[in-house]
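Colleague: Dropping the structure in here first, questions after.
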């Protein structure tokens with residue numbers, strides 16, 4: 001009888017020791033194995049929008065899918081299969097490219113090359129390399145080819161797409177058929193507009209405890225679309241509306257804009273990286289230079305001096321990240 005009691009006590013003690021040690025810390029990884037992932041304390045969220053150079057015009061290289069940290073995340077906006085994973089809107093996924101274009105749409109229309117890599121890929125990878133290990137970096141991205149800035153406006157977008165190209169109050173040949181494809185894609189996903197797609201998912205992120213840290217934009221090749229105001233004033237309206245609808249104070253988060261091809265200063269010169277012009281309209285706006293990024297894509301009709309190639313998209317993404325690191329984290 002005594003032997004049974006002693007054995008029972010010993011067994012109970014062993015269980016207690018094992019259980020307590022498991023709560024304190026995981027054992028170090030054996031040599032040659034990856035260390036355990038650090039639990040995430042906060043998720044810092046960035047909103048991104050724009051046209052094709054934001055959407056992902058570059059070919060995805062093998063290295064672009066390797067070593068993507070669990071801390072670099074994308075919230076799916078339009079359900080589908082991305083990087084071999086079936087994704088659901090409003091859910092977070094490891095940000096393996098493509099982030100915005102689904103797997104079944106990666107062939108360029110010329111069938112001479114593939115697409116899917118954008119500046120966001122290395123924007124996020126660079127941030128996680130330079131921020132604390134218990135912070136996740138998340139992105140909510142809405143972009144499509146050839147979109148004029150009016151396509152992202154809270155109150156003007158629906159009217160912009162309501163009639164045919166050209167006409168009163170519209171820039172020449174706007175909106176284009178390509179723009180309409182993007183508008184239709186997000187509408188068919190259940191959103192009222194591109195703006196609604198952004199705000200709906202950003203609110204989901206906030207409800208989960210995510211902190212909206214900034215806005216990343218690449219747009220300008222297609223201008224403003226509507227003529228009732230200037231490009232920069234329209235951008236200010238979009239920025240102000242987003243912050244108001246997300247419960248953020250005016251000018252409280254940076255909006256970071258990328259230059260067009262090889263240092264292109266965009267509509268009205270407001271994408272000049274000295275920031276003076278754009279900050280006269282939006283005080284917390286910052287421009288990232290694209291000077292020297294001229295390798296372009298390889299394929300039929302390429303380079304077209306509009307779309308960045310894979311290596312330059314990596315470079316542009318890292319430049320976005322460096323600006324954000326300077327503004328927020330350093």
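None of the figures in this text is laboratory data; all of them are computed from the coordinates on show. These figures come from a predicted structure and were not determined experimentally. Note: ideal-geometry Cβ built from the backbone for every residue, glycine included; neighbour counts use all protein chains shown.
Colleague: Between segment 249-323 and segment 86-161, what is the separation of their alpha carbon centroids in Å?
Modeller: 16 Å
Colleague: Under 1.5 on a/c is rounded, so check that first for segment 157-270, then, if it is not, pick prolate when a/b is larger than b/c and oblate when it is not; a ≥ b ≥ c are the square roots of the alpha carbon gyration tensor eigenvalues.
Modeller: oblate
Colleague: I've got another one for you. Among 162, 291, 189, determine the one that fluctuates most according to a GNM of the chain built with springs between C-alpha atoms less than 10 Å apart.
Modeller: 162
Colleague: Counting other C-beta atoms within 10 Å, which of 256, 281 has the fewest, and how do the rest follow?
Modeller: Ranked by crowding around the Cβ, least crowded first: 281, 256.
Colleague: Go ahead and set up a Gaussian network model of the chain, Cα springs under 10 Å, then flag whichever of 257, 243, 117 fluctuates most.
Modeller: It is 243.
Colleague: On a full-extension model of 0.36 nm per residue, what is the gain between residue 129 and residue 94, subtracting their alpha-carbon distance, rounded to one decimal in nm?
Modeller: 11.1 nm
Colleague: Return an integer: the convex hull volume of the alpha-carbon atoms of segment 41-329, in Å³ per residue.
Modeller: Once divided by residue count, the hull of segment 41-329 is 119 Å³.
Colleague: Also, I was wondering about something else. Considering only DSSP beta bridges with both partners in the chain, what is the antiparallel share in %, to the nearest 5?
Modeller: Among the beta bridges of the chain, antiparallel pairing accounts for roughly 30 percent.
Colleague: Let me ask something additional. Would you order 314, 233 from fewest to most other beta-carbon atoms within 10 Å of each residue's own beta-carbon?
Modeller: Ranking 314, 233 by Cβ neighbours within 10 Å, fewest first, gives 233, 314.
Colleague: Could I ask something else about it? Within 10 Å of each residue's Cβ, count the other Cβ atoms and sort 232, 218 from fewest upward.
Modeller: By the 10 Å Cβ count, ascending: 232, 218.
Colleague: In nanometres, what is the gap between the two model label sites at residue 111 and residue 85, each 7 Å from Cα along Cα-to-Cβ?
Modeller: It is 3.2 nm.
Colleague: Something else now. Using only Cα atoms, find the angle between the long axis of helix 119-129 and the longest principal axis of the chain, and express it within 0 to 90 degrees, rounded to the nearest 10.
Modeller: Orientation of helix 119-129: about 30 degrees from the principal axis.
Colleague: Multiplying the sequence separation of residue 322 and residue 62 by 0.36 nm and subtracting their Cα-Cα distance, what value in nm do you get?
Modeller: Once the chain is fully extended between residue 322 and residue 62, it gains 91.2 nm.
Colleague: I'd like the orientation of helix 194-207 relative to the chain: the angle between its Cα long axis and the longest Cα principal axis, in ° from 0 to 90, rounded to 10.
Modeller: 20 degrees
Colleague: With an 8 Å Cα cut-off and a minimum separation of 6 or more residues, compute the relative contact order for the chain in percent.
Modeller: Here the relative contact order equals 20 percent.
Colleague: Another question about this same structure. Take the chain, connect every pair of alpha-carbon atoms lying under 10 Å apart with a spring to form a Gaussian network, then pick out the residue of 263, 138, 309 with the largest mean-square fluctuation.
Modeller: Highest fluctuation of the listed residues: 263.
Colleague: Any idea what the relative contact order of segment 185-330 is, in percent, if you count C-alpha pairs under 8 Å spaced at least 6 apart?
Modeller: 18 percent
Colleague: Let a ≥ b ≥ c be the square roots of the eigenvalues of the Cα gyration tensor of segment 213-317; is it rounded (a/c under 1.5), or, if not, prolate (a/b larger than b/c) or oblate?
Modeller: The shape class here is prolate.
Colleague: A further question on this structure: I need the peptides 94-101, 76-83 ranked by packing, meaning the mean over residues of other C-beta atoms within 10 angstrom, with the highest value on top.
Modeller: Packing proxy ranking, top to bottom: 94-101, 76-83.
Colleague: Also, quick follow-up: Go ahead and run the numbers for FRET between residue 305 and residue 275, Cβ-Cβ distance against an R0 of 22 Å, rounding to 0.05.
Modeller: So the FRET efficiency works out to roughly 0.35.
Colleague: Let me ask another. Angle, helix 310-324 long axis vs. longest principal axis of the chain, Cα atoms, 0 to 90°, nearest 10?
Modeller: That helix lies at roughly 80 degrees to the long axis.
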